[in-house]
1. Once a ≥ b ≥ c are taken as the square roots of the eigenvalues of the Cα gyration tensor of the range 55-101, is the result rounded (a/c under 1.5), prolate (a/b larger than b/c) or oblate (a/b not larger than b/c)?
2. Would you please name the chymotrypsin sites (Phe, Trp or Tyr not before Pro) within the range 62-139 that are DSSP coil residues with at most 11 other C-beta atoms within 10 Å of their C-beta?
3. In the range 106-123, which residues have a backbone nitrogen under 14 Å from the label point lying 7 Å from Glu100's Cα in the Cα-to-Cβ direction?
4. Based on alpha-carbon centroids, what's the gap between the range 8-30 and the range 134-156 in Å, whole number please?
5. How tilted is helix 122-140 with respect to the longest principal axis of the chain? Cα atoms for both, answer in degrees (0 to 90, nearest 10).
6. Please give, to one decimal in nm, the separation of the simple spin-label points placed at Ala18 and Asp138, each 7 Å out from Cα toward the Cβ.
7. Can you tell me how much longer the chain between Arg126 and Ile77 gets when fully stretched, taken as 0.36 nm per residue apart minus their C-alpha distance, in nm with one decimal?
8. Cβ under 13 Å from Gly118's Cβ, Gly118 left aside: what net charge do those residues give with Lys, Arg +1 and Asp, Glu -1?
Amino acid sequence: MLRFDTPLISSFWQSACADLGIPCDSHHCACTFAEPRNPVRIQAIDALSELALSGQKRGTAHLEMQFREDNIPMREIGDYWIVLKCDGTPMCVVRIIAIEIVPFNQVGPEFAASEGEGDLSRRYWREAHGAYFQAQCDRWGVTWRDDLLVVCENFLTVYRPGNSAMTKRQS
């Protein structure tokens, strides 16, 4: 996950807060869904942001150790997340509605489908996330195992710029 704090993101957050009717000091973060390692990965991560913007993506998963290894605060239920493209462009705001920490090999088909990726199957989820998580483990010098803990977050897209009727229905 790449995290940003820019005037554009601050302005986007202020607009979202006004539209949602929430205080600007509500707990939130601004980051991408994953960290890019090459230009192809940037396109894939930006596509995930588009899926969240459309509402098709309602979940995301991270290795539990990533929060520790990369010094990223873990989100909590009720937190807001400004979803960013890899260049720092804010796309939408989602709100975390559920968090479950389970071993990778126990992530179920419903959660896999909530990620909105590929054919929505658990098989697709395991292949895509297994490869990504293995690369992270390699970077950290950790041996990949399929029983490593995964933080599974579900969310609702609550703000899209220019669509205040949607935000009022879902907040």
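Just so you know, all these numbers are worked out from the coordinates, no wet-lab data involved. Since the structure is predicted, the reported quantities are computational estimates derived from the model, not experimental observations. Cβ sites come from the backbone with ideal geometry, for glycine too, and all protein chains shown count toward neighbours.
1. On the way: a/c = 1.86, a/b = 1.22, b/c = 1.53.
In terms of gyration-tensor shape, oblate.
2. Values: sites: Phe67, Tyr80, Trp81, Phe104, Phe111, Tyr124, Trp125, Tyr132, Phe133; in loops: none.
In loop regions of the range 62-139 (DSSP not H, G, I, E or B), there are no sparsely surrounded chymotrypsin sites (Phe, Trp or Tyr not before Pro).
3. Under 14 Å, as judged by backbone N against the label point of Glu100, lie 106-115, 122 of the range 106-123.
4. With the range 8-30 and the range 134-156 each reduced to a Cα centre, they are spaced 30 Å.
5. Orientation of helix 122-140: about 80 degrees from the principal axis.
6. Calculated label separation equals 4.7 nm.
7. 15.2 nm
8. Values: positive: Lys57, Arg122, Arg123, Arg126; negative: Glu115, Glu117, Asp119, Glu127.
Within the 13 Å Cβ shell, the charges total 0.
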